[in-house]
Amino acid sequence: MKKLFLPLICAMLLALCGGRTAQAFATMPLIDNVSPAEYVEFVNTFLENPSFMRAPTHDLGASRLAGHDVYTSRTQNGTIVQLHTDGENIFYLNATFNEDNEDAVLDVSSLSVATYIACDMSESEINAIIDMESVQEGNSFTDSIYCSAAQRMITSRTVLDGTNSTVVLSASPN
């Protein structure tokens with residue numbers, strides 16, 4: 001009985017906390033009025049690679065855990081992209097990748113730039129967020145820049161953790 005109790009407690013804690021950790025950054029939509037399918041189509045078109053990302057599917061387990069709809073897609077190189085939505089907006093996204101796989105790292109870089117374009121960031125804003133010195137805490141790196149067209153702060157948070165490395169892209173007011 002004790003062996004079943006500990007995993008149950010851990011699962012309950014994860015369910016209570018898991019959906020809120022990434023949402024802590026996202027206080028407004030990352031991309032307005034774009035469905036997950038439209039986002040994937042935009043990325044594939046922007047990168048001139050119709051098969052860069054697979055069509056997103058509704059992820060029931062992740063949605064239950066997060067408390068909102070989550071759609072999951074994958075890149076050709078195995079990067080998992082979760083699109084967190086609130087109705088017709090993409091609220092934030094997170095990509096899980098293997099930091100030791102050069103193709104996966106390139107996928108995340110390409111995905112980030114395509115997302116910045118989808119957020120209406122200017123070329124100078126994109127160059128600034130790419131070139132800026134990240135705020136580092138351990139294996140976590142955070143970059144933020146104000147997007148004047150969308151009138152919101154765009155934040156990229158990368159956590160390097162081997163095959164479970166993540167990038168979370170989110171938005172917040174000023």
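Helix 2-23 and the longest principal axis of the C-alpha atoms of the chain enclose an angle of approximately 20°. Globularity index of the stretch 84-132 is 1.30 (Cα radius of gyration / 2.2 N^0.38 Å, N = number of residues).
Rolling a 1.4 Å probe over the protein heavy atoms of the chain, with every protein chain left in place, gives an accessible area that is 56 percent carbon and sulfur. The tail of the calculated P(r) for the stretch 98-174, taken as Cα-Cα distances beyond 14 Å, holds 61 percent of the pairs. Placing a pseudo-label 7 Å from each Cα along the Cα-to-Cβ vector at Asp100 and Glu41 gives an inter-label distance of 3.9 nm. Estimated from helical segments only, the mean residue ellipticity of the chain at 222 nm is -12000 deg cm²/dmol, where each DSSP H run of four or more residues counts as -39500 (n - 2.57). Under the simplified labelling scheme, the Glu133-Asn174 pair shows an inter-label distance of 2.5 nm, with each label point 7 Å from Cα along Cα→Cβ. Length gained on full extension, Asn33 to Thr57: 6.8 nm, using 0.36 nm per residue less the C-alpha separation. With all protein chains kept in place, the per residue accessible area of the chain amounts to 56 square angstrom at a probe of 1.4 angstrom.
Per residue and in cubic angstrom, what volume does the convex hull of the Cα atoms of the chain have?
128 Å³
The values are calculated or read from the model by the stated rules, or taken from the named source; none is laboratory data. Keep in mind that what you see is a predicted model, and the values were worked out from it rather than measured. Here Cβ is always computed from backbone atoms with ideal geometry, including for glycine, and neighbour counts include all displayed protein chains. Remember, those area values only see protein heavy atoms, side chains included, never the ligands or the DNA or RNA. Shrake-Rupley method; radii C 1.70, N 1.55, O 1.52, S 1.80 Å.
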